[in-house]
Amino acid sequence: MSRRPAREVVDAISTGFEEFTTPLREEPADGPIDWPGYREARSAAEERTGEKESVVCGTAKIGEAEAVVIAFEFGFLGGSLGQRTGDRIEAAFAHARDARLPVVSLVATGGSRMQQGMRALMQLQRVARAAARTRAAGVPQIAVLRDPTTGGGWATLGAGADVILALPEAQVGFAGSRVRPSGSPEAYTAEAKLEWGQVDAIVAADDLGTALERWLRLLTSPSNAAAPPPGALREAALPDTGWEAVQAARSPRRARADEYLDAYFDWREDISGDRCGGVDPGVRCGFGWRNGRTIAYAAQCGTPTLPAGFRTSARLVRLASRLAIPVLTLVDTPGAANDAAAEQAGAGGAIADLFEAVATAVAPVTTLVIGEGGSGGALAFAAPGSTWVTPDAYFSVTSPEAAAAILKRPASEVPALANQLRLRPQDLVQLGVARAVVSPAE
């Protein structure tokens, strides 16, 4: 599918494709900078592909979801972006805004059209502006990275999309294969971009239509109602002491985030990574389907949260808020990662980013504390005034062990300090931190 003709790719994932009738601007025979042989190259590309430009745009149904589709024809001058390409993409985004339809970009391009010089490169500004206006209008955008996705196509339609899917082994990178430094070809693959938090998922070509249908359904189902907090997944009595609460939250028998998410949603799709080089395997983010509507989620999985985890969660909260989708967050961490690597990766700024995303969210955010609630690294995930807690969880300004270290107390006093910290579920309700202790799930 990566190098297949654009219309074949569209037909493989959708039905009823109707191409837009975008007028083609008049151009000098050899282009705006009189490139020798450009006229012949264009004519050969038209004859070879049957297309008039490097991109085909229209509307189609992907499953039951209607979308605007932007499909690159790599056989037409390497899928390069020229002036007429910009015309078509700009018109496609305008239609998406007017019709309130999501945009699916099937990208396969070598970058800007060299034979048009700076007039071609300037199309990236047009594409970026059109995508930004569409984003501001609350219209979701999904990119599918085919082979290759390089240059400005990657740096605009690809990397700028709300959700980024990639075909296996697709070449992805800002630098094309003929101009990049020698060595490390694996860095320019979809798999590397997934590992580095720049792609949300790799999808086999045969599964692409199904994956797109699920994502379109999730991203186009706004709701004003807040997500209800999940019920507790383990029968547990409220702890008598703070130390009992800490031990219950740290028990290996306690339910974790994945179990809560699987019980809460009919089905779900994860996003991955902070888009700037990092992935935290201890944080789950994505969108799930529950009782006929979409709810976004950002869940800690019991490990110290890395800067990438905070940034990915902030990305999730902002996207959900822009699309009017409610958010569920699950708190479960001993605290933010605080080693040298976390500091170098900007732990403070990442935590601040999530605090801001939650504080400014337009869509409602609901929080359930399901395990350890360790200090600010946990609080960044919590919604003020809309936080619940399970019976086998705690929330504290710091861990009892850290409190002992700060106060220069012996380890023998840790249980007593846990009591003094008032961190039990019932204490959190009394202090106004949590609204209630949730009952067992039905």
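Just so you know, all these numbers are worked out from the coordinates, no wet-lab data involved. This structure is a prediction, so every number in the text was calculated from the model and none was measured. Here Cβ is always computed from backbone atoms with ideal geometry, including for glycine, and neighbour counts include all displayed protein chains.
The table below lists the values:
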| quantity | calculated |
| --- | --- |
| Residue among Leu316, Leu423, Leu407 with the largest mean-square fluctuation in a Gaussian network model of the chain, springs linking Cα atoms under 10 Å | Leu407 |
| DSSP bridge pairs, the range 246-356: antiparallel proportion in percent, nearest 5 | 70 |
| Residues with amide H under 5 Å from that of Trp388, placed H, sequence gap 5 or more | Thr367, Leu368, Val369, Arg435 |
| C-alpha long axis of helix 83-99 to longest principal axis of the chain, angle in ° | 50 |
| Antiparallel content of DSSP bridges confined to the chain, in %, to 5 | 40 |
| Degrees separating the helix 208-219 axis from the principal Cα axis of the chain, which is the longest one | 60 |
| Estimated FRET transfer efficiency when R0 is 35 angstrom, pair Ser439-Ala340 (beta carbons, to 0.05) | 0.25 |
| Where a label projected 7 Å from the Cα of Thr360 along Cα→Cβ would reach, residues of the range 318-343 with amide N under 14 Å | 318-322 |
| Helix 347-359 vs. the chain, principal-axis angle (Cα, 0 to 90°, nearest 10) | 90 |
| Cα centroid separation - the range 219-293 against the range 317-350, whole Å | 14 |
| In the range 40-145, the trypsin sites (Lys or Arg not before Pro) that fall in loop regions by DSSP, at most 16 other Cβ within 10 Å | Lys52, Arg100 |
| Sites Asn291 and Glu51, calculated FRET efficiency, Cβ-Cβ separation with R0 56 Å, nearest 0.05 | 0.80 |
| Label point distance in nm, Glu27-Ser412, each placed 7 Å from Cα along Cα→Cβ | 8.3 |
| MRE, 222 nm, helices only [DSSP H, n ≥ 4, -39500 (n - 2.57), over the chain, to nearest 500] | -9500 deg cm²/dmol |
| Using a Förster distance of 22 Å, the FRET efficiency for Glu40-Gln125 (Cβ separation, nearest 0.05) | 0.15 |
| Of Gly58, Gly86, Gly348, the one that fluctuates the most in a GNM where the chain has Cα springs shorter than 10 Å | Gly348 |
| Long-range HN-HN contacts of Thr109 with modeled amide H, under 5 Å | Thr149, Thr150 |
